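First up is the structure itself, then whatever we jot down about it.
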Amino acid sequence: MRTSQISRSRANGEGPEIGALSLTYKEYTAVIKETTTVNQPITENIPEQLTERPQWVCWRYEEREGKETKVPYIAGTNSRASSTELMTWSSFEYALAAYEAGEPLYDGIGFCFCSADPLCGIDLDGCRNPETGEVAPWAQKIISDASDGYIEVSPSKTGVHVIVEGRVRDGGIRRGPVEMYSRDRFFTITGEVL
């Protein structure tokens, strides 16, 4: 289990009082808190089709407008990565080593989708009971239809990520709790297969 978590608040001359390290970026201050519930990625479960591509970033939880979000970072730095800028990505090995080094602290690693890869990610939000592992019937149908893909539990343990070969019209679509992307987005990767 990791011991980092990032929280952000608007800088107004006063930084947040909690945390071991405070970093200012534009109008926000990032604060590393003491605990998080994210488990270390299970790397042996992550398919080679992903790990062989240099499309990896590290990520941290941050708070934006009262909501926790996952923000990509250039591996080994405190600089933000971009899901649309390949120069901010690295190899799987480098991102994993940066995450494991623990300095700077990250909450996990992530994979960036781009037009040069044959992959599509499907994000199923709020479909899984984190205590029982039971998946909602609507999500189970999507998972069954994509059974040839890589399927894992999200960091919150309340969602599921599916990665398959395919394309999404216009690069992405969102309908309710289902998001699908084939470029310009990143997925957190846990290695916790379903």
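The values are calculated or read from the model by the stated rules, or taken from the named source; none is laboratory data. Bear in mind that the values here come from a model prediction, so they are computed numbers and not experimental data. Positions of Cβ are backbone-derived with ideal geometry, glycine not excepted, and every protein chain shown enters the neighbour counts.
Quick rundown of the values:
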{"read-out": "Subset of the range 125-180 (residues that are touching a helix residue (DSSP H, G or I) at 6+ places or on another chain (Cβ under 8 Å), crowded, with 18+ Cβ neighbours inside 10 Å and hydrophobic (A, V, I, L, M, F, W, C))", "value": "C127, V135, I151, V160, V162, I163"}
{"read-out": "Residue list for the range 39-59, filter: of a type in the set (S, T, Y) and under 12 Å from Y150 (Cβ atoms)", "value": "T51"}
{"read-out": "Strands (runs of 3 or more DSSP E) completely within the range 1-78 that count 3 or more residues being at pLDDT 50 or above, over 16 Å from the mean Cα position of the chain (by Cα) and not small (G, A, S)", "value": "none"}
{"read-out": "In the range 161-185, the residues that are closer than 19 Å to I109 by Cβ and in contact with an Asp or Glu (Cβ under 7 Å, 6 or more places away or on another chain)", "value": "H161"}
{"read-out": "Selection within the range 93-103 - among the acidic types (D, E) and either in a loop (DSSP other than H, G, I, E, B) or surrounded by 15 or more Cβ atoms within 10 Å (Cβ to Cβ) (or both)", "value": "E103"}
{"read-out": "Top-ranked residue of the range 104-116 - restricted to ones that are part of a loop (DSSP other than H, G, I, E, B) and in contact with a strand residue (DSSP E or B) (Cβ under 9 Å, 6 or more places away or on another chain), ranked as surrounded by the most Cβ atoms within 10 Å (Cβ to Cβ)", "value": "Y106"}
{"read-out": "Count - residues of the range 129-152 that are part of a loop (DSSP other than H, G, I, E, B) and in contact with a Ser or Thr (Cβ under 9 Å, 6 or more places away or on another chain)", "value": "2"}
{"read-out": "Residue within the range 85-92 that is touching an Asp or Glu at 6+ places or on another chain (Cβ under 7 Å), part of a loop (DSSP other than H, G, I, E, B) and closer than 28 Å to G166 by Cα present", "value": "no"}
